[in-house]
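The values are calculated or read from the model by the stated rules, or taken from the named source; none is laboratory data. Worth saying up front: this structure is predicted, and the values here are computed from it rather than measured. Neighbour counts run over all protein chains shown; Cβ positions are idealised from the backbone, glycine included. Just so you know, the surface numbers come from the protein's heavy atoms only, side chains and all, with ligands and any DNA or RNA stripped out. Shrake-Rupley method; radii C 1.70, N 1.55, O 1.52, S 1.80 Å.
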Amino acid sequence: MWAHHPNGPRMCNGMLPNGNPQPFYFPEDHPSMPSWFKGMKIIIRERSLWPEGDIELLAQCLGFRCPPGRADCCCRRILFLQPDFISQKFQLQELVESRGHLCDFYPKYHCELNFIKQYWKAAKLCFRMAGRVATIKELEGKVIQCLDNVPLLHIRQ
């Protein structure tokens, strides 16, 4: 069951097909639901995308698995295919870019794209080539030396 959270995170406004902004929340002076989230059904109806007839749509298809080729099987699918939803950036990305930085997401654990994997690979190679050690103290020193010996240029490749 959905519940209103007055101090919860808020979505930014959407864009109606005609280019006008679409608020996702009722106005503050609404008689029964001031500042409440409108919900998917109202948002879709305001965009004139609700299917013809007195149809009730699921909020989302079972297991988030929409039937192939369907654009109106559930509320989630209808909204996720809208241009303003497609072009919406992640909140983290918006924050980073608003500060003048580039934001680039890598696939998780991808050994060729993630710099930390490149760094770790080079350090392990150095460690294997450095030979054996006799004590824990020597081992700690060897690890630190191998980590320090990886050139920055190699990490950035």
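If we scan segment 25-39, do we find a residue that is among the basic types (Lys, Arg) and more than 17 Å from residue 76 (Cα to Cα)? Explain how you work it out, then say what you get.
Narrowing segment 25-39 to residues among the basic types (Lys, Arg): 38.
Next, from what is left, pick out any that are more than 17 Å from residue 76 (Cα to Cα): none.
Looking through segment 25-39, none of the residues is among the basic types (Lys, Arg) and more than 17 Å from residue 76 (Cα to Cα).
From the list 55, 78, 42, exactly one residue is among the hydrophobic types (A, V, I, L, M, F, W, C), open to solvent by less than 90 Å² (accessible area, probe 1.4 Å), in contact with an Asp or Glu (Cβ under 8 Å, 6 or more places away or on another chain) and over 30 Å from residue 146 (Cα atoms). Which is it?
Numbers: 55 fails: in contact with an Asp or Glu (Cβ under 8 Å, 6 or more places away or on another chain); 42 fails: in contact with an Asp or Glu (Cβ under 8 Å, 6 or more places away or on another chain).
Just one listed residue meets the conditions, 78.
Residue count for segment 29-49 satisfying the condition of being closer than 14 Å to residue 59 by Cβ and of a type in the set (A, V, I, L, M): 4.
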